[in-house]
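The values are calculated or read from the model by the stated rules, or taken from the named source; none is laboratory data. This structure is a prediction, so every number in the text was calculated from the model and none was measured. Cβ placement follows ideal geometry from the backbone for every residue including glycine, while neighbour counts extend to all protein chains displayed.
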Amino acid sequence: MIPLEVIKIANNIRDMKIRGAAEIGRAAVYALSLVAQKSPASKAEELMEHLEEASKLLLATRPTAVTLPNGIQYIMHRARTALQSGASLEELREIVINSAQYFIKSSQQAIKKIGEIGARRIRDGDIILTHCNSSAAISIILTAFRQGKEISVYATETRPRFQGRLTVKALHDAGVPVTLIIDSAVRYFMHEVDKVVVGADAVTANGAVVNKIGTSMIALAAHEARVRVFVAAETYKFSPYTALGELVEIEERPAEEVVPPEFFKECPNVKVRNPAFDVTPPEFIDIIITEKGVIPPQGAILVLREEFGWALGEELSRTFREE
Ligand code: RUB
């Protein structure tokens, strides 16, 4: 039994009306809290079944951003533990609702904190290049700007979905000087750039960063021009599954995002591929800015050790430290 609002949230994540890794994670967790509030279950076990069903639906929406499984895991681990220790139906509802609120609040605070920590690395006069639309990357840029640093930004369009337009709007509205460029102009402008600042959908155990398609090419161009690459990523973007040797699945989206349907009438044999993300190896990343501090990409495994409780073979549970 999945409430209609939860099905709507799942559809909105799939159709990218809700998008960006942090937002997806929060929306999925909020959806589980709606299940806890609205489920007509008459006993705790039944509520658990409804939660499991909703989790499956949400997990199947978008495969790459690890915030989604990490957020769901966090709530479900708490719910399962409570059920095992004999929680009543009402207690289980409350645990899920409170854990969801805690996760959402922590996520919002993390983005603010990343802004503060990251802004320390931005100098007066810096020209920053960013890609796609990352709330964590924007948090760094806006914090530095509000501190009075005279910075300006190159933002890529981010085809085919043009998330770069969201970024330029946010920066423009805040008064940050911003220039929109086409994705393929990145190397052309790189010699003017001081720092690349991007977000992440997932950080792997070896410090590779999965982010919007094109990020790895930007990092390569930055490496060639000796421009530093900063990745802004909350600790719940680190993927515990990769520490078990699993790869992050890269979402491929429909061809219709790239060409209009008429295109296939003229060229029926052309194949269009539309991967939504790519992997930037750790060698091309200088630092990862988390809400707990700055680490080199090689420190990713330490974050995973500290942040996740390991129950190999059973489930990976988030060991959020309650403040
Ligand atoms: C969004 C994207 C963003 C990351 C980080 O891709 O790649 O850079 O999700 O964003 P999409 P945030 O538009 O396909 O979801 O820092 O907001 O989590």
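Residue under question is residue 80, and the condition is that it be of a type in the set (Lys, Arg), within 16 Å of the ligand (Cβ to nearest atom) and closer than 26 Å to residue 246 by Cα; does it hold? Even if it seems obvious, please write down each step before you answer.
On the way: of a type in the set (Lys, Arg): yes; within 16 Å of the ligand (Cβ to nearest atom): no; closer than 26 Å to residue 246 by Cα: yes.
No, not satisfied.
Which one of 27, 100, 65, 10 is in contact with a Phe, Trp or Tyr (Cβ under 9 Å, 6 or more places away or on another chain) and within 16 Å of the ligand (Cβ to nearest atom)?
Numbers: 27 fails: in contact with a Phe, Trp or Tyr (Cβ under 9 Å, 6 or more places away or on another chain); 100 fails: within 16 Å of the ligand (Cβ to nearest atom); 10 fails: in contact with a Phe, Trp or Tyr (Cβ under 9 Å, 6 or more places away or on another chain).
After applying the criteria, what remains is 65.
Just checking, which of 116, 150, 192 is surrounded by fewer than 20 Cβ atoms within 10 Å (Cβ to Cβ) and within 16 Å of the ligand (Cβ to nearest atom)?
The conditions single out 116.
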Among residues of the range 153-180 being surrounded by fewer than 18 Cβ atoms within 10 Å (Cβ to Cβ) and closer than 16 Å to residue 194 by Cα, the residue farthest from the ligand (Cβ to nearest atom) is 177
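If you take the residues of the range 194-219 that are outside any strand (DSSP E or B) and not small (Gly, Ala, Ser), which of them is farthest from the chain's Cα centre (by Cα)? If you could, list the steps in order and put the result at the bottom.
Pass one, the range 194-219, residues outside any strand (DSSP E or B): 194, 199-201, 204-208, 213-219.
With the extra rule that they be not small (Gly, Ala, Ser), the set shrinks to 194, 201, 204, 206, 213, 215, 217-218.
Working: 194: 24, 201: 4, 204: 13, 206: 18, 213: 13, 215: 14, 217: 19, 218: 18 Å.
Applying the filter and picking the extreme gives 194.
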Within the range 14-24, tally of residues that are near the ligand (Cβ under 9 Å from one of its atoms) and either free of Cβ contacts under 8 Å to residues at least 60 places away in the same chain or in a helix (DSSP H, G or I) (or both): 5
Check whether at least one residue in the range 40-57 is within 16 Å of the ligand (Cβ to nearest atom) and surrounded by 16 or more Cβ atoms within 10 Å (Cβ to Cβ), and report yes or no. no
If we ask which residues in the range 59-74 are more than 15 Å from the chain's Cα centre (by Cα) and over 22 Å from residue 85 (Cα atoms), their number turns out to be 1
Failed item, numbered, when residue 141 is tested on (1) out of contact with any Phe, Trp or Tyr (no Cβ under 6 Å at 6 or more places or on another chain); (2) more than 24 Å from residue 275 (Cβ to Cβ); (3) surrounded by fewer than 20 Cβ atoms within 10 Å (Cβ to Cβ): (3)
Name the one entry in 108, 101, 73 that is at pLDDT below 95 and assigned to a helix (DSSP H, G or I). 73
Pairs please, first residue from the range 300-311 and modelled with pLDDT under 85, second anywhere and β-branched (Val, Ile, Thr), Cβ atoms under 7 Å, 6+ apart in sequence or on different chains. 308/319; 309/319
